[in-house]
Amino acid sequence: MKYRKLMFGLIIAFCVFAVIAAVYEQIELSSHDTSTNTVLENQASQEELRRSFNNLFNNQINLNNFDTSTIQKIDASKEIVYSAYDIQRTEENKYEVDIHLPVVNINNETASNFNNSTQTIFADKATEVLANDEDYIIIYNVTYTGFVNGDILSLIIKSTLKEGSDPQRTIVQTYNYNLVTGQEVNIYDAINVRGADTGEVSNKINIIIQQAIREANSIQVSGYETFQRDINSDIYKLENIDTFYIGPDSKLYIIFAYGNNDYTSEMDIIDI
C-alpha cells in the first residue's frame, strides 16, 4: 500500500514538473518571439539601410568642427584625410575606372597601417586594372567618405568591381581612429562609445542575419539564386568584426560586406 502511494506520488510530481517545464518553455519562446519582433520592428529595412549607406559616399570627410591643428601630419598643407589619387578613365575594350583613393594624413604607425591596407586592397587592384590586357572589360569604381564623432574618425572606402562575365562584387573597408590617443578603435570601443551592451548587439546581429537567411531561402524557393549566409559563421562574432563605422547620426553601423571575400554585392547592415 505504501509502495502504491509512493508510486502515485512520484507520478503526480512528475506530471506537475512536466507541466511547469512546458509552461516555462512556452514563456521563453514567447519572450524570444517578442524580442525578435521588437528588434525587427525597430530596425530599418535592409533596403533602406543599403540605400542610405550608398548615399554617404562623396569623397569627403566631415570633421564636425574638430580641431586638427595639434595632430602631427605627414603633409602639413593638407587635412588629416584627403584624396591622394583621383582618376576617371575609359579604355575601349579594356576598362572603365572612376577611382578616388584617400590617404590618412597622420604621422604615426596606426595611420601608416591604414594606408598600407588601402594600398593592398584598392590601389594595387587599380594598377592591375589599368594594365589590363585580358580579352574582357573591367569596370572598377572606388569612393570614400568619413566622419568625426567626438574624438573618433571613421573612414569608409567602398569599391565595385566587374570583371568580364564574373558577378559584380562590392568591397567595403573601414578604419576607425581615436584622434586623441592615436590608437585604432575596435568594435568593443565603438559599442562602448555608443553606450550599447555587447550582449544586446550580438543578439541583434543574430536576429537580423536569421531574418536575412529566411528571406534568402524564400527567394531561392522561387527559383532565383541568392547569397547563402551561415548563421554559425565566425564572421558574426563580435571579436571578429572589423568593418564598422560611426555615422553622421552618431549611430554605430556594422557592415557584413560579403563581396570582401566572394563575388557578390550582397551585404547586411546592422545599426546600433
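Of everything listed in (1) under 30 Å from GLY150 (Cα atoms); (2) of a type outside the set (Phe, Trp, Tyr); (3) surrounded by 11 or more Cβ atoms within 10 Å (Cβ to Cβ), the single unmet condition for GLY199 is (3).
For segment 48-74, a residue qualifies if it is within 18 Å of TYR175 (Cβ to Cβ) and either of a type in the set (Lys, Arg) or assigned to a loop (DSSP other than H, G, I, E, B) (or both), and the qualifying residues are LEU56, PHE57, ASN58, ASN59, LEU63, ASN64, PHE66, THR68, ILE71, GLN72, LYS73, ILE74. Only one entry of ALA196, ALA212, ALA216 meets the criterion of being out of contact with any Asp or Glu (no Cβ under 7 Å at 6 or more places or on another chain), over 30 Å from GLU128 (Cβ atoms) and touching a residue at least 60 places away in the same chain (Cβ under 8 Å), and that entry is ALA196.
Condition first: of a type in the set (A, V, I, L, M, F, W, C), in contact with a helix residue (DSSP H, G or I) (Cβ under 9 Å, 6 or more places away or on another chain) and in a strand (DSSP E or B). Can you find one or more residues in segment 86-95 that meet it? Yes, the conditions are met somewhere in segment 86-95. If you go through segment 122-138 and pick out every residue that is surrounded by 14 or more Cβ atoms within 10 Å (Cβ to Cβ) and out of contact with any helix residue (DSSP H, G or I) (no Cβ under 9 Å at 6 or more places or on another chain), you end up with 8.
Filter segment 20-67 for residues that are closer than 22 Å to GLY199 by Cα, modelled with pLDDT of 60 or more, open to solvent by 70 Å² or more (accessible area, probe 1.4 Å) and among the polar types (S, T, N, Q) and give the result. Those that are closer than 22 Å to GLY199 by Cα, modelled with pLDDT of 60 or more, open to solvent by 70 Å² or more (accessible area, probe 1.4 Å) and among the polar types (S, T, N, Q): ASN37, ASN42.
Look at segment 104-115: where a residue is under 13 Å from VAL180 (Cα atoms) and a partner is open to solvent by 50 Å² or more (accessible area, probe 1.4 Å) and part of a strand (DSSP E or B), sitting 6+ places away or on another chain with Cβ atoms under 7 Å, you get THR110/GLU184. Only one entry in ASP124, ASP133, ASP98 is of a type in the set (D, E, K, R) and in a loop (DSSP other than H, G, I, E, B), namely ASP133.
The values are calculated or read from the model by the stated rules, or taken from the named source; none is laboratory data. Values in this document were obtained by computation on a predicted structure and should not be read as measured data. For neighbour counting, all protein chains shown are included, and Cβ atoms are generated from backbone atoms with ideal geometry for every residue, glycine included. Heavy atoms of the whole protein, side chains included, go into the accessibility calculation; ligands, DNA and RNA do not. Shrake-Rupley method; radii C 1.70, N 1.55, O 1.52, S 1.80 Å.
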